[in-house]
Each structure stands twice: as C-alpha cells, then as structure tokens.
1. Can you pull out the residues in the range 39-74 that are out of contact with any helix residue (DSSP H, G or I) (no Cβ under 8 Å at 6 or more places or on another chain), open to solvent by less than 50 Å² (accessible area, probe 1.4 Å) and closer than 25 Å to LEU114 by Cβ?
2. If you check every pair at least six apart or on different chains, which have Cβ atoms under 6 Å apart with a residue in the range 93-108 that is touching a residue at least 40 places away in the same chain (Cβ under 8 Å) first and a residue that is open to solvent by 100 Å² or more (accessible area, probe 1.4 Å) and of a type outside the set (S, T, N, Q) second?
3. Go through (1) open to solvent by 10 Å² or more (accessible area, probe 1.4 Å); (2) without any contact (Cβ under 8 Å) to a residue 40 or more places away in the chain; (3) not hydroxyl-bearing (Ser, Thr, Tyr) for ALA28 and report which single condition fails.
4. Of the residues ALA61, ALA118, ALA122, ALA46, which is without any contact (Cβ under 8 Å) to a residue 40 or more places away in the chain and in a helix (DSSP H, G or I)?
5. Of the conditions (1) of a type outside the set (Phe, Trp, Tyr); (2) loosely packed, with under 15 Cβ neighbours inside 10 Å; (3) modelled with pLDDT of 90 or more, PRO94 satisfies every one except a single condition; which number is it?
6. Just to be sure before I move on: is ALA14 at positive phi and either surrounded by 16 or more Cβ atoms within 10 Å (Cβ to Cβ) or in contact with a strand residue (DSSP E or B) (Cβ under 7 Å, 6 or more places away or on another chain) (or both) in the structure I sent?
7. Taking LEU3 and the conditions (1) within 19 Å of VAL136 (Cβ to Cβ); (2) modelled with pLDDT of 95 or more, which numbered condition does it fall short on, given that it satisfies the others?
8. Does ARG41 qualify as being more than 20 Å from ASN137 (Cα to Cα), modelled with pLDDT of 95 or more and not polar (S, T, N, Q)?
Amino acid sequence: MDLGIKGRKAIVCAASKGLGKGSAFALARDGVDLVIAARGRDLLEATAAEIRKATGVDVTAVAADVTSEDGRRAILAACPNPDILVTNAGGPPPGEFTKFTLDDWRKAVENNMLTPIALINATVSGMVERRFGRIVNITSASVKSPI
C-alpha cells in the first residue's frame, strides 16, 4: 500500500529498539528519510546503520534524551521541519503504586505527556504551513494497565 509519504522527513524518538525502532523501519520502508533519536549512542548508531542498509534511506542518528530541553533542541536541529513526528519515551519504572512519590509521578508526566507536547508545539506550525503533517504519539502501556 502506498501511503504517499516517500521522500518525506520524519523524527522518531526512542528509536534504537522496541516500538520506536519498529516505527522507524516502517517509515524507512516507505521511503521516508529519518532522524532517529535515543539516549544510547552505540545501539542508536547500530540501528541507523541497519535501517540504511535495509532500505537505502537517509538516516541521521542523534544521541539525546528527548525528555530534556537540550535533547529536544539537538533533535530539532537535525530535522527542524519534519513532515512526520513519532514521539516515544519509556514509561515509568515498574513498582508498587503506593511506593511512588509525587516527584516520581511528576517525572512520568514530564516524560510521557509534556515532552510530546513540546515536540508537537515545535513542529506543528511547519506542518500546517506545508499543508502536510503526521504526528504519532507512543506512550507507555502502563497508562492502560499497571506494570
């Protein structure tokens, strides 16, 4: 199926493994050039090389923590005008509900809600101007069922 996205540019967060990597591969197979980001440089670079070899698309790897302002700035510097944005961050660590502190909950909200909002805010105006844009938000399964 042709999704009409060949030649577009995408940012995929937390793309070195799991759902982020799967999303990046799916986009690359459809001819989308990528900026992939994750905290761990070695695994991220290996993923970028794997995607390039399998698909031939341009892949830029940005080792950065998407949940930090500096990390988001680095990712957006590599792709300031994405056509597609895939937000993704790891969920809160497993544990007993009553053991989490208010700071633990604040960090979870920051990582899984406010971080995507910041990225969307930074990219959506350009998508509107170009009259094309896609945003996919991936969050922790723990929003539906406790870990």
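1. Once the filter is applied, which keeps residues that are out of contact with any helix residue (DSSP H, G or I) (no Cβ under 8 Å at 6 or more places or on another chain), open to solvent by less than 50 Å² (accessible area, probe 1.4 Å) and closer than 25 Å to LEU114 by Cβ, the range 39-74 yields GLY40, LEU44, SER68, GLY71, ALA74.
2. PRO94/ILE147
3. (1)
4. Among ALA61, ALA118, ALA122, ALA46, only ALA46 is without any contact (Cβ under 8 Å) to a residue 40 or more places away in the chain and in a helix (DSSP H, G or I).
5. Only one criterion in (1) of a type outside the set (Phe, Trp, Tyr); (2) loosely packed, with under 15 Cβ neighbours inside 10 Å; (3) modelled with pLDDT of 90 or more is unmet by PRO94, namely (3).
6. Criteria met by ALA14.
7. Here LEU3 clears every test but (2).
8. Here the answer is yes, as ARG41 does meet what is asked.
The values are calculated or read from the model by the stated rules, or taken from the named source; none is laboratory data. As the structure is a prediction and not an experimental result, all values here were calculated from the model. Reconstructed Cβ throughout: ideal geometry from the backbone, glycine too, with neighbour counts over all protein chains shown. Only protein heavy atoms, including side chains, enter the accessible area calculation; ligands, DNA and RNA are left aside. Shrake-Rupley method; radii C 1.70, N 1.55, O 1.52, S 1.80 Å.
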